[in-house]
C-alpha cells in the first residue's frame, strides 16, 4: 500500500528567492516599520547583509524582517 503524503515544500524555495536577488537593489522592511535600501550582498541561515549606497553594510537578522523585495524604479 502506497501512501501519498503531501509535500512539505512546494513552489519557489527561499534559497532560490535570495539567489535571484544577489547583487540586486532591494528594500528590506523590519518589524519596527523601518525600510532599508541597499544591494543584497550576503545571506546565511540567520542573517541578510545589504550594502547601502554610502558603502555602509548592514547585517539584518532574518527574524526581524517583515518583507524583502527587489527595488523597482
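Values quoted throughout were computed directly from the atomic coordinates according to the rules given, and no laboratory measurement underlies them. Only a predicted model underlies this, so the values are computations on that prediction, with no experimental measurement involved. As a convention, Cβ positions derive from the backbone with ideal geometry for all residues, glycine included, and neighbour counts pool all protein chains shown.
Hey, could you check the range 38-63 for residues that are more than 14 Å from residue 26 (Cα to Cα) and touching a helix residue (DSSP H, G or I) at 6+ places or on another chain (Cβ under 7 Å) and say which is surrounded by the fewest Cβ atoms within 10 Å (Cβ to Cβ)?
Among those residues, the one meeting the criterion is 46.
Please list, ordered by residue number, the strands (runs of 3 or more DSSP E) wholly in the chain having 1 or more residues that are without any contact (Cβ under 8 Å) to a residue 24 or more places away in the chain.
The strands (runs of 3 or more DSSP E) meeting that bar are 35-43, 47-51, 57-61.
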